[in-house]
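Have a look at the structure below before the remarks.
Just so you know, all these numbers are worked out from the coordinates, no wet-lab data involved. All figures in this text were calculated on a predicted structure; none of them were measured in a lab. Reconstructed Cβ throughout: ideal geometry from the backbone, glycine too, with neighbour counts over all protein chains shown.
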Amino acid sequence: MPESAVFTRTPTDRDRRQDVLLAAVMLVGGVISAALSTIAGVYGDEQGPMWWALLVVAGISLPLIVRRRYPAAVAVVIALVMFTSVTLRVPEIYATNIAMFVALYTVGAWMNDRRRAFFVRAGIILGMFIWLIIVMYRDAIDEADKADVAAGLFSPFVAFMMINLLINVLYFGGAYYFGERSWHAAAQRFALEERTRELEAQRELTAAQAVALDRVRIARELHDVVAHHVSVMGVQAGAARLVIDSDPDEAKRMLAGVEQASREAIGDFRQLLETLRDPGDGGSDDPSSVGLADIERLAQASRDAGLPTDYTVIGDPVAVPSTVEVNLYRIAQEALTNARRHAGSGASADVRLRWVPDAVELEIVNTGRSVGVLRPGLGQLGMRERALASGGEIELQPRPQGGFRVRVTVPLEASSGFESRESQHPGPDGDQLSDSNAERGAVR
């Protein structure tokens, strides 16, 4: 347990009021006990005067007021008063024994220094037993002249002494045991309360993290959808403006692309809103959700926007979770969007979806401008988050000969019987990219 959570017991105002009440009750009971003991003559001719008994009652009652604040000092004071009382034959034994029991119990139940608590109790108990043995020995010597008492191993006197010894063992042992039990019970309550506070704090933290993660997810989705479609529309609208006078038909085709991109943007926004409104009850996936099959459409949209883009699938596709499909689709979308924005004129892109026995790999390479210093932005952050959410790894690296590459690998369950093959647009080097595409890469 950390230092800030170390268990200590501190009396409350209610505890202090109860101690005052206990001291008052003990004082009244002690006075009554002293009066009755004096009348009864519990010590016979050797009995001390009653005013001694009243002093003893005050000596064992008043310290109880601060028993929880100074348990060791109170126990020592009461032990000394008790020792003096019995030694001087003060006519009061009942309230004194009760006060001694309470004092020993308090040391075990309330003393925060557990090592010191042990030594205080052990010292008092050991001292009391040594004193008891001395008294028993003295009494035995005094009774030795009485033949009817000393005769036999279990004479009445010896039996009486053994009963006294047994009572004291139970008396001091009970005080020690119940004090320890009280301390450990309080420690367990404290640990339970501390754990409850930690769980409540963790619950609040988890709720805050859930809200933050939802905000990040919404921001990522909005960035991907807006950046992609606005980029396509901007490129095509700019190209149409340049050729509208010289080639009206080409300008019309480009404007039709702008119209198509706007419709797709509205569709993506609608899908995003439906996802946010979904209660998340574990139902079937939305059939309109994008997936790996839609990456080819991304490549076609990239070509229509003026960036020559090849698309290749290598290997035999297998079923993957819909979350992984959406994340890979968005990574490809962001990579192609960055390529159109940063690669420059004359650039091209190559998209490859590669299936291997234990993973699916998506790679997007673009040619174009050289990248000197990689400047992370929201797009790169979103791609890294999507790769991590899918349980995969992603590489974002500039190519030495110009351009950029993105490669994300998502592990799948191990399986056999996979046979690699290229399904579309094989490159000149089989399943490896040609010199211009050899750097398996991505976009900014």
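Descriptive notes on the structure:
- Near the amide H of VAL290, within less than 5 Å, lie no amide hydrogens of residues on another chain or at least 5 residues away, with H placed in the peptide plane.
- Using θ = phi - 60° and Karplus 6.51 cos²θ - 1.76 cosθ + 1.60, couplings along region 96-108 (whole Hz; Gly, Pro as x): 4, 5, 5, 4, 5, 4, 4, 5, 5, 4, 5, 4, x
- Cα-based shape type of region 3-142, given that a ≥ b ≥ c are square roots of the gyration tensor eigenvalues and the cut on a/c is 1.5: oblate
- Between the amide H of ALA359 and those of LEU412, distances stay under 5 Å, these residues lying 5 or more places away or on another chain, with hydrogens modeled in the peptide plane.
- FRET efficiency, VAL211 to ARG270 (Cβ-Cβ, R0 30 Å, nearest 0.05): 0.80
- Additional length obtainable on full extension of the chain from SER370 to LEU36, 0.36 nm per residue less Cα span: 109.5 nm
- Electrostatic bookkeeping for THR196 treats Lys and Arg as +1 and Asp and Glu as -1; over the other residues with beta carbon under 12 Å from its beta carbon, the sum is 0.
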